[in-house]
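One structure below.
The values are calculated or read from the model by the stated rules, or taken from the named source; none is laboratory data. As the structure is a computational prediction, the values presented were derived from the model and not from experiment. Cβ sites come from the backbone with ideal geometry, for glycine too, and all protein chains shown count toward neighbours.
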Amino acid sequence: MLKHFFIVCSGADKDILEGCSEGEQTKYVGIGATVFFTAVMAFIASAYALFTVFDNVYPALLFGLVWSLLIFNLDRFIVSTIRKRERFGREFLQATPRILLAVIIAIVISKPLEIKIFEKEINTVLLKEKNAMALQNKKEVATYFKSDLDKNKTEIDGLKLEISKKEKEVNAYYDTYIAEAEGTAGTKKLGKGPVFKEKIAKHDLAKKEFDSLQKKNLAKIATLDKEATTLQTDLDKKVSETQPIIDGFDGLMARINALDKLPWLPSFFIMLLFLAIETSPIIAKLLSPKGEYDFKLEDLETALKATIEQDKYQRDLLVKTSAAMHDKVYDDIAQDKKLYELQRKNATDLLELQSHNFIAKQKRTL
């Protein structure tokens with residue numbers, strides 16, 4: 001049962017192969033097994049690759065099955081269409097397009113499996129890239145909000161500076177009138193004289209202005225602080241909204257790019273392994289000598305070709321002979337005088353009718 005299945009996978013004619021030796025059958029069983037297991041590897045590779053895309057098992061298995069059947073059909077077609085020739089050069093030339101196709105298939109199959117084999121290393125590369133992207137994202141978002149935050153901070157600093165300047169002015173008036181009262185400055189007279197009253201009045205006025213300015217500026221600062229808090233909240237919200245996109249940077253293309261950043265030699269040898277598996281049926285057919293199956297298949301094909309050419313030649317002769325016979329028959333008819341007179345009379349009658357009709361038509365137009 002398994003032997004019959006692998007023969008079907010090889011694309012060989014099972015009726016011809018049944019009449020061949022056991023060794024010839026074994027050769028095609030091996031070719032069919034290679035084709036089958038290549039399709040199995042294609043199923044595993046494509047299912048994993050599509051799982052990274054859909055993140056769902058069932059679509060991945062479905063599309064993986066379709067892809068493996070496509071690869072199986074292509075491999076079977078490639079192997080079954082290679083014919084053994086008398087010269088190796090002609091065989092190789094015939095197999096060249098099929099080898100190129102096998103190389104493409106091997107690369108496509110190997111890449112998802114390479115991603116799975118080096119998954120831990122790829123995750124490390126992706127983690128570094130995600131961290132760099134997160135830092136860059138925070139920097140870009142902060143730059144976007146920077147102008148508003150800087151403007152807000154400048155306004156707050158300006159308001160605080162006004163309060164500080166006014167406070168220094170009030171303190172200066174306080175020191176002045178205290179020094180006047182103690183007699184250490186100004187008129188240098190101890191006691192609360194007219195100058196003292198004038199200076200304390202200036203201090204009280206400045207203190208009143210300071211209190212008013214402080215109340216007004218503190219209210220503005222409170223409003224600006226709320227705006228700054230809102231801006232900072234928006235900044236944090238923007239960063240948190242974009243973070244899931246960065247966390248989701250784990251698709252097939254991202255993993256392929258991460259794989260390219262790893263040392264190329266291990267990946268290259270894995271691709272060579274799949275290339276050897278994919279091209280092995282073709283190489284085996286090219287290198288193997290012309291066997292019993294090839295001779296029998298060639299005998300059937302040449303017999304069919306000879307039969308078709310013979311049938312075509314006979315049909316051509318039949319057409320030529322039939323044409324010659326018909327030419328002779330109509331030539332003999334043309335020599336018959338009785339038929340000639342009948343044809344002449346009919347033609348004369350037809351000309352007379354045409355003449356009468358022409359004259360009648362001319363009369364109607366006058």
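For segment 274-285, the criterion of being in contact with a Phe, Trp or Tyr (Cβ under 8 Å, 6 or more places away or on another chain), touching a residue at least 40 places away in the same chain (Cβ under 8 Å) and among the aromatic types (Phe, Trp, Tyr) is satisfied by no residue at all. Taking the conditions (1) surrounded by fewer than 17 Cβ atoms within 10 Å (Cβ to Cβ); (2) part of a helix (DSSP H, G or I) in turn, Ile78 satisfies each one other than (1).
Kindly indicate whether Ser21 is exposed (fewer than 13 other Cβ atoms within 10 Å of the Cβ), touching a residue at least 60 places away in the same chain (Cβ under 8 Å) and closer than 29 Å to Glu298 by Cβ. Against the criterion (exposed (fewer than 13 other Cβ atoms within 10 Å of the Cβ), touching a residue at least 60 places away in the same chain (Cβ under 8 Å) and closer than 29 Å to Glu298 by Cβ), Ser21 qualifies. Checking the stated criteria, Val57 turns out to be of a type outside the set (Phe, Trp, Tyr), assigned by TED's automatic domain parsing to the domain that holds Ala284, in contact with a helix residue (DSSP H, G or I) (Cβ under 9 Å, 6 or more places away or on another chain) and exposed (fewer than 14 other Cβ atoms within 10 Å of the Cβ). Is one or more of the residues making up segment 134-142 more than 19 Å from the chain's Cα centre (by Cα), under 23 Å from Gly64 (Cβ atoms) and at pLDDT 80 or above? No, there is no match, as no residue in segment 134-142 is more than 19 Å from the chain's Cα centre (by Cα), under 23 Å from Gly64 (Cβ atoms) and at pLDDT 80 or above.
Phe269 meets all of the listed conditions (1) surrounded by 12 or more Cβ atoms within 10 Å (Cβ to Cβ); (2) among the hydrophobic types (A, V, I, L, M, F, W, C); (3) modelled with pLDDT of 75 or more but one, namely (1). When segment 11-53 is filtered for residues that are touching a Leu at 6+ places or on another chain (Cβ under 7 Å) and outside any helix (DSSP H, G or I), only Asp13 remains.
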